[in-house]
Amino acid sequence: MRPVIVVHGGAWAVPDALAEVSVAGVKAATRAGNVTLMRGGGALDAVEVAVRTMEDDPAFDAGHGAVLNTDGEVELDALIMEGRTLATGAVSSVRNIANPVSLARAVMEKTNHVMLSGKGANLFAESIGVPTLPTHALVCEQERKEWEQYKNYDIGVKELFRAQWAHDTVGAVALDSCGNVASATSTGGIRYKMVGRVGDSPVIGSGGYADNRSGAVSCTGHGESILKVTLARLILSHMDRGKAACEAVERSLRYMGERVQGGGGAVAVAPTGDWTACFTTERMAWAAIHGGILHYGLNPREKFKETLK
Ligand code: ASP
């Protein structure tokens, strides 16, 4: 089995000023995940490493660089899942944690639960020695400015996906040489969200899913729309019925657009190694490594290739 890793940096109208750093960020994350796979690491380790790389990169709305809620605070959501046993861990509305994806993995491996939220997630982090950062340590200067400006605008949240204020949730899916798939998603959510708002990203079946029998998916886009159509499971249900990954994602995103007028994107990989990165928003930075080739893109129907050295 040839390993595959595919990552995304969020589906939205990525402004030109962020285009280069977003593409560089997803390429770096894919390389980091691929190194793990090449050293014999599992798909779960690869998606965690890839997502951590993007959480540490302030270009993305996850970990460092996360967007602010109406109170001007960061509340983070993350999900990780592995396809052999369907083991899953998630955190929602957690504060002052640099790498929520690893906390989600700890929920999966060290508790009897699937999701911990808010204060409970922070208490759990403390109990297992995950360092809590000082308040506002994750906030970037640029986000603070955007937030100040945003406060003056009366824009519906759906409008965000057509505009340049937004979000760049990160996610990754992988298939390892043993045939196991995994998925991880991490986000600060949507700028100016209500305090306590949780989107699709940490919700199993919506923001992501992984099952060795059908494949792995990580989603991005308007969380309230994704939740209504349980986008990750919808995509996998098409793949279960024999659709190629690309067609499964395209159909599901089309359905979400028609049914609830929501935009978004997803990356997916099938147990056969068939993979895709698709979106209905203006742009989505994505990258994939398969068979020694790095594929990447940002604009619709764009697919560049580089041979890995
Ligand atoms: N889906 C995320 C949320 O609604 C946002 C995004 O993907 O950009 O929280």
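The values are calculated or read from the model by the stated rules, or taken from the named source; none is laboratory data. Remember, it's a predicted structure, so these values are computed and weren't measured experimentally. In this analysis, Cβ positions are derived from the backbone assuming ideal geometry, glycine residues included, and neighbour counts consider all displayed protein chains. Protein only, heavy atoms only, side chains kept; ligands, DNA and RNA dropped before computing areas. Shrake-Rupley method; radii C 1.70, N 1.55, O 1.52, S 1.80 Å.
Quick notes on this one:
- All-pairs alpha carbon distance profile, region 25-81, 5 Å steps from 0, percent: 4, 21, 23, 20, 14, 9, 5, 2, 1
- For the chain, hydrophobic long helices are taken as DSSP H runs at least 24 Å long by C-alpha position along their axis with mean Kyte-Doolittle hydropathy of 0.0 or more; these are 16-38.
- Residue 19-residue 309 pseudo-label distance in nm [points 7 Å out on the Cα-to-Cβ vector]: 2.6 nm
- Considering only 217, 47, 114, the Gaussian network model of the chain with Cα springs below 10 Å gives its largest mean-square fluctuation to 114.
- For region 241-294 and region 170-215, distance of Cα centres in Å: 13 Å
- With the charge dipole of the chain set up from +1 on Lys and Arg Cβ and -1 on Asp and Glu Cβ about the Cα centre, the Cα lying farthest toward the positive end among the listed residues 90, 266, 26 is that of 266.
- The chain gives an Rg/Rh value of 0.94, both radii derived from C-alpha positions and Rh following Kirkwood.
- Heavy-atom accessible surface of the chain: percent carbon and sulfur, 1.4 Å: 50 percent
- Accessible surface for the chain, divided over its residues, is 40 Å² per residue with a 1.4 Å probe.
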